[in-house]
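Reading through the C-alpha cells given below for one structure.
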Amino acid sequence: MQNDLLTPNRPGVSRLRGDAYVEELGASTALKAATTGGMLMEAPTNEFALAASLAELKAKGRLVVHGRHRPILVIYDRGRVFALDNRCPHMGFPLDRGSIEDGVLTCHWHHARFDLESGCTFDLWADDVPICPVEVRNGEVWIKTTFAHADPGAHWGQRLTEGLAHDLSLVMAKGVHGQLTAGVPQTDIVRQVALFGAQNRDGWGVGLTILTALANLLPVVSEEEAYLALFHGARRVAADCDGEAPRRDRAPLGSRPDPAALKRWLQRWTKVRHRDGAERTLLTAIASGCSPAALANALLAAETERTFADSGHSLDFINKAFECLDLIGWEHASAVLPTVVGQMVAARGAEESTSWRQPVDLIALCDETVGQVPELFAAGGIGPGWADHVALAQELLGHDPARIVDALKAAIRTGAAPADLSRSLAYAAALRVARFGNANEHADWETAHHVFTYANAVDQMVKRIGAASSDGHLTAIRSVLHGAMALYLARYLNVPPARIPGDGGEGLDDLPAGAEEIRVALLDAFDRQHQVDRAARLVARHLTLGYPPQALIATLAHAVLREDAGFHTYQMLEAGVRQFIAWGDTDEGRHILIAVARYLAAHSPTERAALQTANIARRLMRGGELHEEAVASL
Ligand code: FES
C-alpha cells in the first residue's frame with residue numbers, strides 16, 4: 001500500500017524521512033530563513049530551517065550546517081537530498097570527510113558504512129547514524145533540525161537490547177544514557193539487563209553479579225555515576241552472554257510437596273550433582289509460594305553441603321541472585337533464581353582440599369560443631385542484648401581453629417543469634433584485608449578478598465533467613481563455620497599485619513586537612529601504583545576528622561567506576577559499603593572502608609578504556625561536537 005506521506009511529487013506535503021526528491025517543489029509557505037556561513041536560520045513558526053539553495057548543494061555535493069545542538073551533514077546524491085548527524089556514531093569524527101558510493105556512506109576514519117537513506121549501519125560496532133527529515137521547497141533545501149524519537153524511552157530500550165545481544169559497548173552506553181535522559185527509572189534498566197542475562201546464558205555469572213553489586217550502589221552515587229554503573233553492569237552481562245547458548249527453562253513439578261521435603265530434596269540433588277533434579281525442586285518451591293526467607297534457607301542448606309565451594313563464589317552468586325530479585329521484583333524469581341543451580345551443584349568444595357584436612361581436619365571440626373547446634377541454642381537462648389561482636393571478631397582472627405570454634409560456641413551459649421555471628425565474621429574478614437601485609441604476593445589479595453566477600457554473603461543470607469526457625473540456625477551456623485575456617489587458613493596474610501591508620505588517636509597530620517582536598521588526594525593515589533598505604537591513611541584521615549562518610553563512599557565508587565575494574569574490585573566495593581552501612585561511622589566502619597581502599601589501591605589504575613567509550617557515548621547523546629577542531633587541521 002502506498003503511503004501518501006511518502007509519495008514523491010506531492011506539493012506542499014511534509015514527509016517524515018531523511019531525504020527529499022529534488023523534483024518535489026512547490027511548498028508555498030513564506031518562510032523567512034536563509035543560510036549564513038553554514039548556520040541554519042531557524043524559522044520560528046516551523047520546525048524546518050533553511051539549509052541551502054538546491055543549486056548550491058548540487059554544486060558542492062555536500063554541506064555541513066550547524067543546528068542548535070549538532071552539526072548536520074546535507075548531501076546531494078543521484079537526484080536526492082539527505083540530512084544526517086555529521087558526527088559519526090562510532091567516535092564522533094565528522095562524516096563529511098567520508099565517501100559515498102551506491103547509496104552507501106563510508107566514514108573516513110574507521111570505515112564504518114551507513115545506508116545513506118536510513119542512517120542504519122552495516123557495521124554494528126559503529127551504531128546507526130541519526131537522520132533528520134528534509135524537504136525541498138521552491139529550489140531550497142529545508143531540514144528539520146531535531147532528532148527526536150516519538151517514544152525515546154522505548155527507542156533507547158530497544159537499542160540497549162540490541163547492544164546486549166551483539167555485545168556492543170558503544171550501543172549499550174547510548175541505550176543506558178538515552179533511557180536515563182528519557183526518565184526511565186534506573187531500576188527498569190537493571191531489570192532489563194538482568195533478565196537479558198538470565199535468559200541468554202546457561203547460568204548466573206560474573207556479569208550478573210557485577211550488575212547487582214553496582215545496582216546496590218546506585219543510591220550512594222550521583223546521576224552521572226549511575227550512568228557509568230549501569231553501563232558497566234550491562235557490558236559485563238553482555239560479555240558473559242556473548243557466544244553462549246541461551247538458557248532452556250525447566251518446569252516445576254506437578255505436585256506441591258511441603259517446604260521441608262523440598263529443602264531435603266534440594267540438598268540431596270546438590271550433593272549428587274543432579275542439576276535437573278535441583279532446578280525442578282527449586283522451581284517447585286518458588287511455584288509453591290515459598291517466601292524469600294524460606295528459599296534462602298533451602299539454598300543455603302544445599303550450598304553448604306559443600307564447604308566454601310568454589311572459593312566462596314558459589315554462595316556469593318546465590319546471595320547476589322536474591323539481591324537482584326529484591327531490586328527487580330520477586331515476580332521474576334522463577335527466571336532468575338534457578339540460574340544459580342548449575343554452579344551450585346558443580347562447585348568444588350574445600351573438603352577436597354588438603355589444606356582443609358591437614359594438619360587439622362577442619363571439615364571434621366565443622367561437622368562436629370554443627371551436630372551440637374540445637375543443644376547450643378537450647379542452652380543459650382537468643383537474646384537481643386548480645387553485643388560482643390568486636391571481641392568475637394578478634395577471636396575469629398586467632399591462630400587455633402579449635403579455639404575459634406570454641407569462641408563461636410561460647411557466643412551462642414551467651415545469647416548470640418546467627419546474625420550476630422555472621423556480623424562478627426564479616427568484620428573479622430574485613431580486618432584481614434585491612435591488615436593485609438604488603439610483603440605478600442599480589443595474587444594473595446584475592447585470597448583475602450574471597451573470604452571477605454564470602455563472609456558478607458553469609459551475613460546477608462543469614463539476615464534474610466532470620467532468627468525465627470531453629471532449622472535455619474543449623475544452616476546459618478554451618479555457613480559461618482565454613483567462613484571462620486577459611487578466615488583461619490588465610491591468617492598468613494597478616495604476618496606481619498599492616499598497621500591500620502587512625503587507631504589510637506593517630507593524627508595523620510602530614511595529610512591534607514580539608515574534606516575535598518583529602519578526597520582529591522585519594523583519587524590521585526588511585527591514579528598511581530603502589531599507593532596502598534597512602535590510600536588507607538587518606539580514608540582514615542577523612543573519617544577521623546569527622547567528614548561525612550557518604551562523600552567518601554561516593555569517591556571510592558567514582559574511583560572504581562572510572563576504571564576497567566576486575567570482578568573482584570566491584571565485589572569488594574559493594575561488600576565493603578554494605579558492611580560499613582551495617583557498622584556505621586565507627587572505628588569498625590573505618591576499618592572496613594580502609595580495607596576497601598587498600599584493595600582498590602592495589603588494583604588501580606587500569607587503562608580506563610570503558611570510561612572512554614562511556615564518555616564518547618555521553619557526548620554524542622548530548623549533541624556536542626567531537627573532534628571537529630582536531631580534524632580541521634588534517
Ligand atoms: S568509523 Fe567513523 S569515527 Fe570511527
Per the filter on the stretch 71-111, residues of a type in the set (Lys, Arg), open to solvent by 10 Å² or more (accessible area, probe 1.4 Å) and within 15 Å of the ligand (Cβ to nearest atom) are Arg97
How many residues are farther than 24 Å from Asp367 by Cβ and not acidic (Asp, Glu) when one looks only at the stretch 303-330? 10
Exactly one of Val129, Val206, Val193 is without any contact (Cβ under 8 Å) to a residue 60 or more places away in the chain, not assigned by TED's automatic domain parsing to the domain that holds Leu105 and not polar (S, T, N, Q), and that one is Val193
Within the stretch 226-274, count every residue that is aromatic (Phe, Trp, Tyr) and in a loop (DSSP other than H, G, I, E, B). 0
I'd like the full set of residues that are open to solvent by less than 40 Å² (accessible area, probe 1.4 Å) and β-branched (Val, Ile, Thr), limited to the stretch 339-386. Thr339, Val340, Val341, Val345, Ile363, Thr369, Val370, Val373
For the structure I just gave you, tell me whether Arg435 is out of contact with any Cys (no Cβ under 7 Å at 6 or more places or on another chain), open to solvent by 10 Å² or more (accessible area, probe 1.4 Å) and modelled with pLDDT of 95 or more. yes
State yes or no: is Leu376 at pLDDT below 95 and among the hydrophobic types (A, V, I, L, M, F, W, C)? yes
For the stretch 122-134, how many residues meet the condition of being more than 9 Å from the ligand (Cβ to nearest atom) and not in a loop (DSSP other than H, G, I, E, B)? 3
Hand me the list of helices (runs of 4 or more DSSP H) wholly inside the stretch 138-225 holding 3 or more residues that are modelled with pLDDT of 95 or more and open to solvent by 30 Å² or more (accessible area, probe 1.4 Å). 152-166, 169-181, 186-199
Within the stretch 503-534, count every residue that is touching a His at 6+ places or on another chain (Cβ under 9 Å) and either crowded, with 19+ Cβ neighbours inside 10 Å or polar (S, T, N, Q) (or both). 3
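Which of the residues that make up the stretch 112-121 are within 12 Å of the ligand (Cβ to nearest atom) and charged (D, E, K, R)? Outline the logic, then answer.
The initial filter retains those residues of the stretch 112-121 that are within 12 Å of the ligand (Cβ to nearest atom), namely 112-114, 121.
Arg113, the sole residue that qualifies.
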May I ask you to list the residues in the stretch 307-332 that are farther than 21 Å from Pro185 by Cα and either in contact with a His (Cβ under 7 Å, 6 or more places away or on another chain) or modelled with pLDDT under 95 (or both)? Thr307, Phe308, Ser311, Gly312
Criterion: farther than 14 Å from Leu481 by Cβ, assigned to a helix (DSSP H, G or I) and either touching a His at 6+ places or on another chain (Cβ under 9 Å) or open to solvent by 10 Å² or more (accessible area, probe 1.4 Å) (or both) - qualifying residue of Glu446, Glu441: Glu446
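The values are calculated or read from the model by the stated rules, or taken from the named source; none is laboratory data. Nothing here was measured: the structure is a model prediction, and the numbers come from that model. Note that we place each Cβ from the backbone using ideal geometry, even for glycine, and neighbour counts take in every protein chain shown. Keep in mind that these areas ignore ligands, DNA and RNA; they rest on the heavy atoms of the full protein, side chains included. Shrake-Rupley method; radii C 1.70, N 1.55, O 1.52, S 1.80 Å.
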